[in-house]
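Below is one structure; the comments refer to it alone.
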Amino acid sequence: MTTYVILIILMAATLLFWLIWNIRQYYKRASRLIASEGFEIEAKCEVCNRQFRIPAIQYMKHGATKEKSTAKTKVKGVVLDNSPVFSYYAKKVDCPFCHRRTWAQALNYGEYQRRYQPVIMRLALGQFVLIAIGGFVLCKIFLVISKIL
Ligand SMILES: [Zn+2]
């Protein structure tokens, strides 16, 4: 009974680790992809109103928790397209002009989305398949071990 409980805990821990590792891998891959293309965000400081270019990867990393956006879903043909279309998207970044960490609106966020959303979605889907297959294999391994014990 005790070994069974330990095995269950080990299995849960392994699956959790597998999930976290895969999510990290996904972010690494997505970051590498965006960084490799050198796409730049046209940012506009909301304090001094000046525009500056910032690498997309840097902009997206900046204050990942602080973003405000207004999005609305649109109707594409007869199907409701649920992917958000941002009319406004801003993040907190360091402005090179007024040297303050402040909100900067991404003026070309729509272009960024159009360019990277499909690729990133495919990447996420691939990673999800890997998570599922790996999780299934791990469960099978633990099942075999539990039968041996
Ligand atoms: Zn500024």
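The values are calculated or read from the model by the stated rules, or taken from the named source; none is laboratory data. It should be emphasised that the depicted structure is a prediction, and the values quoted were computed from it without experimental measurement. Positions of Cβ are backbone-derived with ideal geometry, glycine not excepted, and every protein chain shown enters the neighbour counts.
State whether one or more residues within the stretch 43-55 are surrounded by 12 or more Cβ atoms within 10 Å (Cβ to Cβ) and away from the ligand (no atom under 16 Å from the Cβ).
yes
If the requirement is being modelled with pLDDT of 90 or more, surrounded by 11 or more Cβ atoms within 10 Å (Cβ to Cβ) and more than 16 Å from the ligand (Cβ to nearest atom), which of these qualifies: L16, L7?
Of the residues listed, the single one that is modelled with pLDDT of 90 or more, surrounded by 11 or more Cβ atoms within 10 Å (Cβ to Cβ) and more than 16 Å from the ligand (Cβ to nearest atom) is L7.
Do we find that A30 is crowded, with 16+ Cβ neighbours inside 10 Å, away from the ligand (no atom under 16 Å from the Cβ) and either within 16 Å of the chain's Cα centre (by Cα) or within 30 Å of L149 (Cα to Cα) (or both) in this structure?
yes
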